[in-house]
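K.L.:
The following block contains the structure, expressed as structure tokens.
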């Protein structure tokens with residue numbers, strides 16, 4: 001047994017005390033940083049909203065037993081519902097109203113009332129003048145006005161009434177029946193004219209606000225508000241080729257609105273109101289407008305040449321469906337089976353082949369043996385309507401296209417130069 005003197009006992013006791021203290025420190029739970037609690041933020045909202053925010057914490061020195069912090073910690077903010085004060089509701093309503101009223105104040109001076117005078121002939125009474133009305137809008141300071149072709153077609157005289165009440169004689173300088181567009185020209189000082197701003201229709205979205213200004217039933221510069229209901233609509237027209245890529249809106253459009261502008265919230269023209277679909281002839285909430293990108297493609301040629309050169313490939317074809325493919329024993333079930341070529345047309349010059357024989361299928365005599373067009377520049381075409389809309393919206397005269405065709409039991413490609421559709 002070892003005997004310690006007093007000094008050694010004191011030193012030994014101090015050392016044991018330090019050891020015991022260290023053991024207590026090590027056995028005590030290491031405190032962790034307080035966990036973030038959901039922050040309750042009062043917000044003027046009638047519906048609870050949960051906001052998830054990803055926060056990157058500030059780097060800390062590592063603790064002996066603390067778990068490593070993740071690189072990003074989600075922070076959930078719970079927003080409690082609070083009724084909107086009446087003054088806030090009123091302010092929001094005022095902003096909405098102010099937006100629309102500002103568009104009207106800025107754009108309505110550009111909208112004109114068009115009166116067209118057409119002479120009808122009666123067996124008993126001879127020539128009888130009749131009037132039609134429509135809308136239009138100024139597009140430059142030179143006095144050019146855009147409207148629908150059907151507003152002025154066949155007119156002997158055209159008059160335009162400006163927003164200040166001035167009535168002027170107008171000249172039709174160009175028409176495009178396919179796109180239902182026409183350009184008029186008036187002689188007026190530039191200071192009296194307020195042209196519109198043309199926007200774009202390429203980035204429109206369903207649900208976007210749509211504002212129409214026109215002269216329904218002769219009621220000058222009437223404003224209606226709605227939304228874009230759909231895009232890329234095809235308007236079937238009796239005796240005419242189908243009009244594609246139309247904008248559908250439920251902003252009220254009635255007879256007399258034809259040719260007026262369809263606007264976005266910035267007051268830019270996104271379309272030209274052109275037609276309604278209605279079993280009664282009145283408003284049922286389905287109106288159509290020619291997209292402004294079509295306008296911008298066409299209008300310069302109407303001003304310069306008086307007409308628009310429509311793209312054309314120069315052949316007639318059947319739309320291939322499974323039943324037709326089986327009946328004619330065709331190698332594909334989709335595409336265009338060329339029946340006839342127009343002499344010296346683009347397809348004829350490109351060396352495409354038309355039918356070389358007739359075949360009876362049921363009660364029909366069909367022309368077969370021609371090339372089958374599968375794609376145009378990689379885009380599948382299932383009908384002549386598809387082809388027409390593709391050419392009108394994607395090409396211009398003299399463009400070069402690559403057709404994928406089926407000939408001699410194999411696919412091959414051929415290049416074709418877009419021609420100009422013959423005038424009717």
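The values are calculated or read from the model by the stated rules, or taken from the named source; none is laboratory data. Quick caveat: nothing in here was measured; it's all calculated off a predicted structure. Cβ sites come from the backbone with ideal geometry, for glycine too, and all protein chains shown count toward neighbours.
K.L.:
Given the criteria at pLDDT below 90, closer than 16 Å to residue 149 by Cβ and crowded, with 17+ Cβ neighbours inside 10 Å, does residue 289 qualify?
P.N.:
Values: at pLDDT below 90: no; closer than 16 Å to residue 149 by Cβ: yes; crowded, with 17+ Cβ neighbours inside 10 Å: yes.
In short, no.
K.L.:
Given the conditions (1) free of Cβ contacts under 8 Å to residues at least 60 places away in the same chain; (2) under 21 Å from residue 311 (Cβ atoms); (3) surrounded by 17 or more Cβ atoms within 10 Å (Cβ to Cβ), and given that residue 367 satisfies all but one, which numbered condition is not satisfied?
P.N.:
(2)
K.L.:
Just give me the residues in the range 110-121 being crowded, with 18+ Cβ neighbours inside 10 Å and either over 18 Å from residue 272 (Cβ atoms) or without any contact (Cβ under 8 Å) to a residue 12 or more places away in the chain (or both), in sequence order. Walk me through it before giving the result.
P.N.:
Our first condition is that a residue be crowded, with 18+ Cβ neighbours inside 10 Å; within the range 110-121, this holds for 110-116.
115 - this is the single residue of the range 110-121 that is crowded, with 18+ Cβ neighbours inside 10 Å and either over 18 Å from residue 272 (Cβ atoms) or without any contact (Cβ under 8 Å) to a residue 12 or more places away in the chain (or both).
K.L.:
Now for a different question. Is it fair to say residue 304 is surrounded by fewer than 18 Cβ atoms within 10 Å (Cβ to Cβ), out of contact with any helix residue (DSSP H, G or I) (no Cβ under 7 Å at 6 or more places or on another chain) and assigned to a loop (DSSP other than H, G, I, E, B)? It would help to see each step written out before you state the result.
P.N.:
Numbers: surrounded by fewer than 18 Cβ atoms within 10 Å (Cβ to Cβ): yes; out of contact with any helix residue (DSSP H, G or I) (no Cβ under 7 Å at 6 or more places or on another chain): yes; assigned to a loop (DSSP other than H, G, I, E, B): no.
For residue 304, the condition - surrounded by fewer than 18 Cβ atoms within 10 Å (Cβ to Cβ), out of contact with any helix residue (DSSP H, G or I) (no Cβ under 7 Å at 6 or more places or on another chain) and assigned to a loop (DSSP other than H, G, I, E, B) - is not met.
K.L.:
Do we find that residue 381 is touching a residue at least 12 places away in the same chain (Cβ under 8 Å) and surrounded by fewer than 18 Cβ atoms within 10 Å (Cβ to Cβ) in this structure? Break it down into steps so the answer makes sense when it comes.
P.N.:
On the way: touching a residue at least 12 places away in the same chain (Cβ under 8 Å): yes; surrounded by fewer than 18 Cβ atoms within 10 Å (Cβ to Cβ): no.
No; evaluated as a whole, the condition is false for this residue.
K.L.:
Condition test on residue 317, is it at pLDDT 95 or above, within 30 Å of residue 360 (Cα to Cα) and surrounded by 23 or more Cβ atoms within 10 Å (Cβ to Cβ)? So that I can check it myself, show each step before the final result.
P.N.:
Details: at pLDDT 95 or above: yes; within 30 Å of residue 360 (Cα to Cα): yes; surrounded by 23 or more Cβ atoms within 10 Å (Cβ to Cβ): yes.
Yes, satisfied.
K.L.:
Filter the range 352-364 for residues that are touching a residue at least 24 places away in the same chain (Cβ under 8 Å) and farther than 16 Å from residue 402 by Cα; which is surrounded by the fewest Cβ atoms within 10 Å (Cβ to Cβ)?
P.N.:
From the range 352-364, those touching a residue at least 24 places away in the same chain (Cβ under 8 Å) are 352-354, 359, 361-362; that's our starting set.
With the extra rule that they be farther than 16 Å from residue 402 by Cα, the set shrinks to 354, 359, 361-362.
Numbers: 354: 19, 359: 14, 361: 13, 362: 8.
The residue in question is 362.
K.L.:
Look through the range 404-424, keep the residues that are in contact with a strand residue (DSSP E or B) (Cβ under 8 Å, 6 or more places away or on another chain) and free of Cβ contacts under 8 Å to residues at least 40 places away in the same chain, and return whichever of them is surrounded by the most Cβ atoms within 10 Å (Cβ to Cβ).
P.N.:
My answer is 404.
K.L.:
Among 271, 259, which is the only one that is touching a residue at least 60 places away in the same chain (Cβ under 8 Å), within 24 Å of residue 110 (Cβ to Cβ) and assigned to a loop (DSSP other than H, G, I, E, B)? Outline the logic, then answer.
P.N.:
Details: 271 fails: assigned to a loop (DSSP other than H, G, I, E, B).
Residue meeting the stated conditions: 259.
K.L.:
With the condition kept exactly as written, say whether any residue in the range 239-256 is more than 15 Å from the chain's Cα centre (by Cα), free of Cβ contacts under 8 Å to residues at least 60 places away in the same chain and part of a strand (DSSP E or B).
P.N.:
no
K.L.:
Does residue 160 fit the bill of being in a strand (DSSP E or B) and in contact with a helix residue (DSSP H, G or I) (Cβ under 7 Å, 6 or more places away or on another chain)? If you could, list the steps in order and put the result at the bottom.
P.N.:
On the way: in a strand (DSSP E or B): yes; in contact with a helix residue (DSSP H, G or I) (Cβ under 7 Å, 6 or more places away or on another chain): no.
No, not satisfied.
K.L.:
Can I ask one more? Condition first: surrounded by 13 or more Cβ atoms within 10 Å (Cβ to Cβ) and in contact with a helix residue (DSSP H, G or I) (Cβ under 7 Å, 6 or more places away or on another chain). Now tell me which residues in the range 185-221 satisfy that.
P.N.:
194, 195, 196, 198, 199, 200, 201, 211, 213, 221
K.L.:
Can you find a residue that is more than 29 Å from the chain's Cα centre (by Cα), in contact (Cβ under 8 Å) with a residue 24 or more places away in the chain and over 17 Å from residue 261 (Cα atoms) anywhere in the range 200-210? Write out each step before concluding.
P.N.:
Applying the first criterion (more than 29 Å from the chain's Cα centre (by Cα)) to the range 200-210 yields none.
Among the residues of the range 200-210, not one is more than 29 Å from the chain's Cα centre (by Cα), in contact (Cβ under 8 Å) with a residue 24 or more places away in the chain and over 17 Å from residue 261 (Cα atoms), which makes the answer no.
K.L.:
Looking at the range 138-166, which of its residues are at pLDDT 95 or above and either in the same structural domain as residue 256 (by TED's automatic domain parsing) or at positive phi (or both)?
P.N.:
143
K.L.:
Okay, next question. Name every residue in the range 163-187 that is touching a strand residue (DSSP E or B) at 6+ places or on another chain (Cβ under 6 Å), in a loop (DSSP other than H, G, I, E, B) and free of Cβ contacts under 8 Å to residues at least 60 places away in the same chain, in order of residue number.
P.N.:
Matches in the range 163-187: 170, 186.
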